[in-house]
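Before any comments, here is the structure.
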Amino acid sequence: MQRVSFSVLRFSCTAVSATASFDVSEAVTTSQQASDSASPDEARALIADLFRRSATIYWVDMLLSSGAAWALTVLYFAAPAWSLVQIAAFVVAAVLFFRVGTFIHEIVHMPSTQMVWFKRAWNVLVGIPLLMPWIVYRNHTGHHNHTRFGTPADGEYLPLASSPLIETLKYMVQAPLLPLFMLVRFGVLGPLSWLHSGLREWVLTRASAAVSNPYYTRRFPERDEQHLLIVEALCFGYLAVIAGLLWQEVISPWHFLMGYSLLAFTLGLNWFRNLAAHRYGNDGSRMTMDEQVADSINITGQTWLTVALFPVGLRYHALHHMFPALPYHQMGEAHRRLMAGLPADAPYRVANRDSFFAAVAQLWRSASNTSPEHSSMRAWSQGAGRS
């Protein structure tokens, strides 16, 4: 949600693009030269005791974060308009919703029978109210598929660094529209598709995955369709209640706009955070495991922005691509062990960046230096993302 932790439900028809061929080739060369210096088994041996999830940590973190987020939401709606109290409640509530929303990424990496009630509780507390039930992020496992990562068939990768800067700008300006996409998906397209098989197939193929790649068209898994139908009905019912409250003037359009703004800011935090998840410089060809790690980014600086923008282990994205099953509460220790125990030329070390700004500045420079004639986005826009 990419520890994309929580990516946003996107229409594949949305106009996006992005990237430029910067120093990814240099990083890849470095990683290839070091590939024999530390095998995956040697790296795993350093952290072998850290793969056990603590259900207590998950439950406490989720309940406290969601409880505080909803309490601050009440304060946001109740405080005088444009007061410092309202603005502060808005910002902190969004950060906390972002944090608890990021558990969607942890959920999709859990075995189907593990922490089942946690998954259900997460849907009740944030998944349904924020129109992002975790099942729509099931596609995330494809982001870790070695044949799809960094290619047009990867729903969470756009070549923003190896395409002209306009593609990155297109990506960024979508943030305020993300809640609108979700409202249409669950309030209009979902219910209508129940009545028309052709529309249903289109919705399952083009509007049922949480992705940032608008050209992604992989069909939703048949085995999960019943689950999807249930959460679609819950989301539609939730929206119907809101519509009824508006109709009866229990709440006003202004209240609806306030809610929309809070959701847009929450989703926008993840949308912009995602710019520092990868280098985004691949040209669409398949990548080796070392290349995937080198293309991913760890944010190693200890700042308030790192805490706010990279919750629930998102800061260790390269680590996550090495070991997707590693629980978020063990990532800090795992990173320290790998940095202490891996050889100096290990590919993992190439992935570290001091800050969000350092990672984005690198992407920005690369995109700025890429001409339209050399844009990697062509591989995405020409339909190579279909699978």
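The values are calculated or read from the model by the stated rules, or taken from the named source; none is laboratory data. Small disclaimer: the values here were computed from a predicted structure and weren't measured. Backbone-built Cβ (ideal geometry, glycine too); neighbour counts: all protein chains shown. Surface areas here come from the heavy atoms of the whole protein model, side chains and all, with no ligands, DNA or RNA. Shrake-Rupley method; radii C 1.70, N 1.55, O 1.52, S 1.80 Å.
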Query raised in the report: Any idea which of (1) within 22 Å of the chain's Cα centre (by Cα); (2) open to solvent by less than 20 Å² (accessible area, probe 1.4 Å); (3) modelled with pLDDT under 50; (4) among the hydrophobic types (A, V, I, L, M, F, W, C) is the one A15 doesn't satisfy?
Result: (2)
Query raised in the report: Quick one: would you say R138 is outside any helix (DSSP H, G or I), touching a Phe, Trp or Tyr at 6+ places or on another chain (Cβ under 9 Å), among the basic types (K, R) and open to solvent by 20 Å² or more (accessible area, probe 1.4 Å)?
Result: no
Query raised in the report: Could you say whether any residue in region 364-378 is under 17 Å from G281 (Cβ atoms), hydroxyl-bearing (S, T, Y) and assigned to a helix (DSSP H, G or I)?
Result: yes
Report task. Would you confirm whether any residue within region 101-122 is surrounded by 24 or more Cβ atoms within 10 Å (Cβ to Cβ), of a type in the set (A, V, I, L, M) and more than 25 Å from V203 (Cβ to Cβ)? Result -> no
Query raised in the report: Does S387 satisfy the criteria of being closer than 16 Å to T168 by Cα and modelled with pLDDT under 95?
Result: no
Query - Hits in region 78-108 (condition: outside any helix (DSSP H, G or I) and within 15 Å of the chain's Cα centre (by Cα)) - result: T102
Query raised in the report: Hey, which of the helices (runs of 4 or more DSSP H) in region 146-239, taking only ones fully inside, have at least 2 residues that are open to solvent by 20 Å² or more (accessible area, probe 1.4 Å) and among the polar types (S, T, N, Q)?
Result: 197-206
Requested in this report: Check A243 against each of (1) open to solvent by 10 Å² or more (accessible area, probe 1.4 Å); (2) in contact with a His (Cβ under 9 Å, 6 or more places away or on another chain) and name the one condition it does not meet.
Outcome: (2)
